[in-house]
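Below is one structure, written out as structure tokens; the observations come after it.
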Amino acid sequence: MLKALIIGGGGREHVLAWKIAQSPKVTQLYVAPGNAGTAQIAQNLDIRPTDIEGLAKVANDMNIDLTVVGPEAPLATGIVDRFSALGLPIFGPTRAAAKIESSKVFSKQLMQKYGIPCPRGEIFSTYGQAREYLEAQSPPIVIKADGLAAGKGVTVAISKEEARQALSDIMETRVFGSAGDSVIIEECLIGKEVSLLAFTDGKTVIPIAPACDYKRAFNSDQGPNTGGMGSYSPPGFFDASLTKQVTDNILEPTVEAMAKEGTLYKGVLYAGLMLATDGPKVLEFNARFGDPETQVILPRLKSDLVDIILSIIDNKLHETAVEWSNDACVGVVMASGGYPGNYKTGFAIQGLDKVHPEIMIFHAGTKRDENSQICTDGGRVLTVTARGKNMAEARMKVYENIQRIYFEDCHYRKDIAFREVN
Ligand code: AMP
Ligand code: GLY
């Protein structure tokens with residue numbers, strides 16, 4: 001019988017709570033800080049995800065048996081190292097291993113050293129050299145800040161001028177601070193994008209069902225980049241043989257490389273891939289579950305997630321079965337008007353009780369106001385999610401039901417999973 005704690009407060013953490021609460025092993029579930037959705041299935045604790053000492057104290061005082069980390073920031077600051085030093089079981093990579101996400105230079109060098117397929121690129125730590133190299137390239141070209149930049153550190157520049165501007169913003173104006181001490185300038189690849197994540201205990205690697213997310217704010221991939229406006233799983237174009245190819249050529253070699261480098265990688269390894277003409281290549285690694293991909297992945301997981309997580313902590317993943325349903329799953333994000341720019345919060349969310357019972361509504365930026373009404377409290381507000389026997393059915397269920405939910409200025413994309421033809 002376990003007391004579990006989930007760290008984070010977005011849609012990813014709500015779906016993690018939803019799945020973990022289904023485990024017969026879990027008797028008490030806490031989410032820090034959580035949202036109005038997690039409060040319906042767990043107890044929220046008012047502690048920030050980056051308050052590592054505060055979280056460690058609570059986990060210790062409350063005898064938490066298992067902590068699961070959602071976002072990257074606490075991983076990059078070393079929450080796993082701290083909890084482990086205190087003997088508190090926790091799921092995720094150490095600070096050193098999380099560098100695979102928190103430093104794009106680290107992950108690029110790792111991929112280059114071990115021959116893991118990725119776009120051709122060069123690393124620079126001075127503006128002058130970067131600028132000189134850039135002048136010799138032809139657009140389109142991709143400029144990436146090294147460190148965590150809240151998803152804004154990558155520019156796919158269509159013109160040389162746009163590339164110069166991005167480079168200057170990062171290295172001269174220093175819009176991302178020290179996250180821009182180094183940059184990568186890399187070739188621009190063209191192809192379909194897919195996220196393939198894997199469970200790993202540092203040795204065994206088990207791929208997770210693939211998913212696609214939509215980063216742009218508006219229909220037809222228009223508008224600014226966001227944290228993600230929707231997702232679906234599985235993509236019809238990414239079949240079992242591609243999953244095997246990426247597992248064999250990318251995920252396993254990466255986990256092996258991390259071990260060889262003395263930074264054993266345990267947790268979820270997320271590969272953001274481009275299916276280039278000469279095969280899948282890694283655009284980025286993340287050290288955690290994706291958001292909103294997790295909202296469409298975990299509803300398809302038949303196995304008990306807690307069993308998988310415990311087997312990873314105990315280095316026994318090879319003994320564990322990970323089974324997926326054949327269902328399709330679609331999730332559409334309802335966002336506040338203005339997101340990813342400025343937006344207002346505090347609007348009452350109407351109609352949550354009007355959707356069909358089989359629709360899953362995963363909350364992100366929500367809270368209860370003083371009258372106990374659920375209201376908006378962030379840019380991404382809800383992920384409205386449905387399963388179906390195929391993608392068309394899942395998509396239809398989501399779009400039929402999402403219209404029943406309303407808050408002032410809400411917006412959502414109308415084209416999630418529409419290009420999927422299965
Ligand atoms: P990343 O944060 O590295 O995944 O980059 C964000 C987005 O930028 C990706 O999802 C891609 O759409 C795009 N991107 C990154 N690197 C490249 C590349 N080398 N070629 C083309 N597009 C890229
Ligand atoms: N959906 C992309 C991410 O979680 O980084």
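The values are calculated or read from the model by the stated rules, or taken from the named source; none is laboratory data. All values reported here derive from a predicted model rather than from experimental measurement. Note that each Cβ is placed from the backbone with ideal geometry, even for glycine, and that neighbours are counted across all protein chains shown. We work out accessible area using only protein heavy atoms, side chains counted, and drop any ligands, DNA or RNA first. Shrake-Rupley method; radii C 1.70, N 1.55, O 1.52, S 1.80 Å.
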Has the stretch 311-319 got at least one residue that is among the polar types (S, T, N, Q) and open to solvent by 20 Å² or more (accessible area, probe 1.4 Å)? yes
Matching residues in the stretch 216-234 (out of contact with any Pro (no Cβ under 8 Å at 6 or more places or on another chain), on the phi > 0 side of the Ramachandran plot and outside any strand (DSSP E or B)) number 2
When you go through Ile250, Ile208, Ile184 one by one, which is the residue that is touching a residue at least 12 places away in the same chain (Cβ under 8 Å), out of contact with any Pro (no Cβ under 6 Å at 6 or more places or on another chain), open to solvent by less than 10 Å² (accessible area, probe 1.4 Å) and over 16 Å from Ala287 (Cα atoms)? Ile184
Looking across the stretch 13-60 at residues that are part of a helix (DSSP H, G or I) and out of contact with any strand residue (DSSP E or B) (no Cβ under 8 Å at 6 or more places or on another chain), the single one that is nearest to Cys375 (Cα to Cα) is Gln40
Checking the condition of a type in the set (D, E, K, R) and closer than 30 Å to Pro140 by Cα, which residue from Lys244, Lys192, Lys260 passes? Lys192
Of Leu269, Leu301, Leu275, which residue is away from ligand 2 (no atom under 16 Å from the Cβ) and closer than 23 Å to Val154 by Cα? Leu275
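The rows are residues; the columns are (1) assigned to a helix (DSSP H, G or I); (2) open to solvent by 20 Å² or more (accessible area, probe 1.4 Å); (3) in contact with a helix residue (DSSP H, G or I) (Cβ under 9 Å, 6 or more places away or on another chain).
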residue: Gly236; (1), (2), (3): no, yes, yes
residue: Thr243; (1), (2), (3): yes, yes, no
residue: Val255; (1), (2), (3): yes, no, no
residue: Met258; (1), (2), (3): yes, no, yes
residue: Glu284; (1), (2), (3): no, yes, yes
residue: Ile297; (1), (2), (3): yes, no, yes
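Each row is one residue, and each column tells you yes or no for (1) among the hydrophobic types (A, V, I, L, M, F, W, C); (2) farther than 24 Å from Gly346 by Cβ; (3) at pLDDT 95 or above; (4) touching a Leu at 6+ places or on another chain (Cβ under 9 Å).
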site: Leu16; (1), (2), (3), (4): yes, yes, yes, yes
site: Ala21; (1), (2), (3), (4): yes, yes, yes, yes
site: Gln28; (1), (2), (3), (4): no, yes, yes, yes
site: Val31; (1), (2), (3), (4): yes, no, yes, yes
site: Gly34; (1), (2), (3), (4): no, no, yes, yes
site: Thr38; (1), (2), (3), (4): no, no, yes, yes
site: Pro49; (1), (2), (3), (4): no, no, yes, yes
site: Ile52; (1), (2), (3), (4): yes, yes, yes, no
